[in-house]
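Notes follow once the structure below has been shown.
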Amino acid sequence: MKPPTKTDNRKPITDYTPTEIFVDNTVKTHKNTKRIINNLPNLPVTYINDPHEIKIPEKHTEAKKKLLISPLKGELLKVCQGQGEVCCQYHTIDLITNCHLECSYCILQDYLQNNPIITIHPNVDEICDAIRNKVRENPGKKFRIGAGELSDSLALDHITEFTTECVALANELKDIVFEFKTKTTNIDNLLKLKHQGNVVVAWSVNPQPYIDIEELKCASLADRLIAARKCADKGYPIAFHFDPLLYYPDWQEQYNNVISQISDLFKPDDIAWVSLGSLRFTPGLKKISMDRFPKSKIMTGEIFPMTDGKMRYFRPIREEMYRHLIGQLTNNIGKIPHYLCMETPLVWERLFGNIPTLDEVEERVAQRFIP
Ligand code: SF4
């Protein structure tokens, strides 16, 4: 596999304007529904009784041009599923389902192939109540909660303005640490909000030549880092996710370069945590991705199925990448809390010398927030 060499000067497309909006009648009068429609003037709006009529299998590219506003139902606060017995006990909420940013490796292309329409869930009040209940039932326990599992946390914030409600909740509940995870520069709302230091703004990062090929509508690396610096200047703790790490032949040089750019702009105190995770994907994603992103080459090579059903690089490759990046981060930036995402107990043990308990993982990650 040759390393990507293409570097184009495209502008990051972090803005999104759908061609039409569908509204579930059950949230027709919800204040968030009205705000979202106001933020997208002059678009046709269709009110529907049954969202399942339009949550149907459809080509992703077409489905992402439409927007559905419909409440999130079922489990409103979930625990992120790790790999094997090692997990960081991260909790997730879904404010939006699906994403217009078009990463070749995005697992949502497979997970959501039966209902790919971008869906905004306006019932943030109910989701916040679920978090309040969880905190009330577990006095003294810290919860890290993120909004970036089924979408990019900030990609549509200029339309939803959900950051306002999430930051207000973090101001109210001192026992939560709320994380927004993004590949955009959509931070205008965040910069205006008052927070109390328990809101982490995180960027997923990759080398620019890989972004050019694999993260088509995301902001450039340089723009992500500038946005991160602006948030740090407003007192937000910053996080970086080296995820997914991509094993191109020039990966060492390319990731060294990313770390060098981060070290030019950030001190260890600015950074709450760094995560490392290697490329992983479901067998079903390979064909979808290769059809939609013919220039991408990341799903070929030394990739094997694992017990959780996902494909990953051969273990020695993953370990080599983690070791190298941790060394570079420590040497160039300093001591920063770091953890592995969706890795096996064996890899944790080989990297860090032991298999941590769930509480030890949490202490390792969120140490600056634990008194
Ligand atoms: S930013 Fe995240 S959610 Fe959006 S397409 Fe890329 S991987 Fe998927």
- Query: outside any loop (DSSP other than H, G, I, E, B) and more than 17 Å from Asp152 (Cβ to Cβ) - does that describe any residue in the stretch 69-76?
  - Reply: yes
- Message: Is it the case, given these coordinates, that Glu126 is under 22 Å from Asn32 (Cβ atoms) and either away from the ligand (no atom under 15 Å from the Cβ) or among the β-branched types (Val, Ile, Thr) (or both)?
- Response: yes
- Residue check: is Lys181 within 12 Å of the ligand (Cβ to nearest atom), within 24 Å of Pro294 (Cα to Cα) and in contact (Cβ under 8 Å) with a residue 12 or more places away in the chain? no
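Would you check if there is a residue in the stretch 269-279 being open to solvent by 70 Å² or more (accessible area, probe 1.4 Å) and farther than 26 Å from Gln89 by Cα?
No, the conditions are met nowhere in the stretch 269-279.
Anything in the stretch 167-182 that is in a loop (DSSP other than H, G, I, E, B) and either among the charged types (D, E, K, R) or farther than 20 Å from Val79 by Cβ (or both)? List them, or say none. Explain how you work it out, then say what you get.
Kept after step one, since they are in a loop (DSSP other than H, G, I, E, B), are these residues of the stretch 167-182: 173-175.
Within the stretch 167-182, Lys174, Asp175 meet the criteria.
A quick yes/no check of all residues on (1) more than 21 Å from Thr17 (Cβ to Cβ); (2) part of a loop (DSSP other than H, G, I, E, B); (3) open to solvent by 10 Å² or more (accessible area, probe 1.4 Å); (4) aromatic (Phe, Trp, Tyr):
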residue	(1), (2), (3), (4)
Leu101	no, yes, no, no
Asp125	yes, no, yes, no
Ala130	yes, no, yes, no
Gly148	yes, yes, yes, no
His158	no, no, yes, no
Glu165	yes, no, yes, no
Thr184	no, yes, no, no
His195	yes, yes, yes, no
- Output the residue which, of all residues in the stretch 109-120 that are within 11 Å of the ligand (Cβ to nearest atom) and open to solvent by less than 10 Å² (accessible area, probe 1.4 Å), is nearest to Ser153 (Cα to Cα). Ile118
- Task: Collect the residues in the stretch 35-45 that are within 12 Å of Val23 (Cβ to Cβ) and loosely packed, with under 11 Cβ neighbours inside 10 Å, keeping them in residue-number order.
- Result: Pro44
- Query: Assuming Pro57 fulfils every condition listed in (1) of a type outside the set (Asp, Glu); (2) open to solvent by 70 Å² or more (accessible area, probe 1.4 Å); (3) not in a loop (DSSP other than H, G, I, E, B) apart from one, which condition is it?
  - Reply: (3)
- Message: Could you check the stretch 188-214 and list, in sequence order, the residues that are more than 18 Å from Ala147 (Cα to Cα) and of a type in the set (D, E, K, R)?
- Response: Lys192, Lys194, Asp212, Glu214
- Run down Val200, Val205 and say which single residue is farther than 30 Å from Lys55 by Cα, crowded, with 18+ Cβ neighbours inside 10 Å and in contact (Cβ under 8 Å) with a residue 60 or more places away in the chain. Val200
- Before we move on, is Asn332 under 16 Å from Phe242 (Cα atoms) and open to solvent by 60 Å² or more (accessible area, probe 1.4 Å)? yes
- Note on the structure: Residues of the stretch 195-225 being away from the ligand (no atom under 14 Å from the Cβ) and within 28 Å of Lys174 (Cα to Cα), in sequence order, are His195, Gln196, Gly197, Asn198, Val199, Val200, Val201, Leu225
- Query: Is at least one residue of the stretch 138-161 in contact with a Cys (Cβ under 7 Å, 6 or more places away or on another chain), among the aliphatic types (A, V, I, L, M), at pLDDT 95 or above and within 16 Å of the ligand (Cβ to nearest atom)?
  - Reply: yes
- Message: Criterion first (β-branched (Val, Ile, Thr), touching a strand residue (DSSP E or B) at 6+ places or on another chain (Cβ under 6 Å), closer than 13 Å to Ile120 by Cα and outside any loop (DSSP other than H, G, I, E, B)) does Thr46 satisfy it?
- Response: no
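Report yes if some residue within the stretch 282-293 is touching a His at 6+ places or on another chain (Cβ under 9 Å) and of a type in the set (Lys, Arg); otherwise report no. If you could, list the steps in order and put the result at the bottom.
Taking the stretch 282-293 as the starting set, the residues that turn out to be touching a His at 6+ places or on another chain (Cβ under 9 Å) are 288, 292.
Okay, now just the ones that are also of a type in the set (Lys, Arg), so 292.
Within the stretch 282-293, one or more residues are touching a His at 6+ places or on another chain (Cβ under 9 Å) and of a type in the set (Lys, Arg).
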- Message: Pull out all pairs, ordered by first then second residue, where Cβ-Cβ is under 6 Å, the residues are six or more apart or on different chains, the first lies in the stretch 132-159 and is among the acidic types (Asp, Glu), and the second is away from the ligand (no atom under 16 Å from the Cβ).
- Response: Asp157/Thr163; Asp157/Asn189
- Message: Of the conditions (1) more than 16 Å from the ligand (Cβ to nearest atom); (2) in a loop (DSSP other than H, G, I, E, B), Leu190 satisfies every one except a single condition; which number is it?
- Response: (2)
- Would you list the strands (runs of 3 or more DSSP E) that sit entirely within the stretch 261-343 and hold 2 or more residues that are touching a Leu at 6+ places or on another chain (Cβ under 9 Å)? 271-278, 311-313, 338-340
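The values are calculated or read from the model by the stated rules, or taken from the named source; none is laboratory data. Keep in mind that this is a model prediction, so the values were computed, not measured. Cβ sites come from the backbone with ideal geometry, for glycine too, and all protein chains shown count toward neighbours. Note: accessible area is taken over every heavy atom of the protein model, side chains too, but ligands, DNA and RNA are not part of it. Shrake-Rupley method; radii C 1.70, N 1.55, O 1.52, S 1.80 Å.
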